[in-house]
1. Does any residue of segment 24-46 turn out to be closer than 21 Å to residue 122 by Cα, under 23 Å from the mean Cα position of the chain (by Cα) and modelled with pLDDT of 80 or more?
2. Name the residues in segment 100-128 that are open to solvent by 60 Å² or more (accessible area, probe 1.4 Å) and modelled with pLDDT of 80 or more, would you?
3. Answer yes or no as to whether residue 126 is of a type outside the set (Phe, Trp, Tyr), in contact with a Ser or Thr (Cβ under 8 Å, 6 or more places away or on another chain) and either closer than 23 Å to residue 198 by Cβ or part of a helix (DSSP H, G or I) (or both).
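The values are calculated or read from the model by the stated rules, or taken from the named source; none is laboratory data. Remember, it's a predicted structure, so these values are computed and weren't measured experimentally. Positions of Cβ are generated from backbone atoms using ideal geometry, with glycine treated the same way; all protein chains shown enter the neighbour counts. Each accessible area value is taken on the protein alone, full model and side chains, heavy atoms only, with ligands, DNA and RNA left out. Shrake-Rupley method; radii C 1.70, N 1.55, O 1.52, S 1.80 Å.
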Amino acid sequence: IATRLRLQEITHIDFDHAWWSPMVAIRRDAVASLEVLPGGSGPLLAAFVFGDTRRVEDSVQTRMRAAGLGHLFAVSGANVTFVLAGMYPLLMFLPRRQRLIASLIVVWMFVVIAGIVPSVFRAGVMLSAALIDQWIAEGRRRVRGLAAAVICCLVIDPFLTQSLGFALSVAATCGMIGVAPWLAHRLGDGPMISATAPTLAAQAC
């Protein structure tokens, strides 16, 4: 036992006037607005987008896990990427510097709205490092962006060295930026190959 914690008092802290309270309100209102969707799909969509499973029935969660789809309830890099991709048609008209700043704002607003859970926080750090590296080196040195993201994550939370999920995320990202281009070239560089090579490389790594 490294530490023994003895809890003697619980104090409620009011965050209504904190700097992130408007984004928490956005999350609360968005989840509430999804409840009006027909067929009980609102709670399921809220779980997919925000990772909020409080209103998803236990039987549904059990069936999702049995089908191997339980990971869809975890907010991670895919959610952050989807949000940024959805905003890209609006951001693409900005100059490079302003596009970088706006992209970082979008990423971290979603991280806060999603609740700053470890998985989405790591995704935010890694995507931010990739965006900054792409802006500095114009995409030519993608490994440097991954290295910077890993270092930032470990500085913030050294216990990630013991996280299997973090190790798998880094390995998969290494596969996508290091192995996927080589694999796509070896297999013929066709449209289908270019689309499937990142997934194959990530799984292999």
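1. Initial filter on segment 24-46 (closer than 21 Å to residue 122 by Cα): 24, 27, 46.
Cutting the leftovers down to under 23 Å from the mean Cα position of the chain (by Cα) gives us 24, 27, 46.
Filter again for modelled with pLDDT of 80 or more, leaving 46.
The answer is yes; a qualifying residue exists.
2. Once the filter is applied, which keeps residues that are open to solvent by 60 Å² or more (accessible area, probe 1.4 Å) and modelled with pLDDT of 80 or more, segment 100-128 yields 101, 105, 108, 109.
3. On the way: of a type outside the set (Phe, Trp, Tyr): yes; in contact with a Ser or Thr (Cβ under 8 Å, 6 or more places away or on another chain): yes; either closer than 23 Å to residue 198 by Cβ or part of a helix (DSSP H, G or I) (or both): yes.
Answer is yes for this residue.
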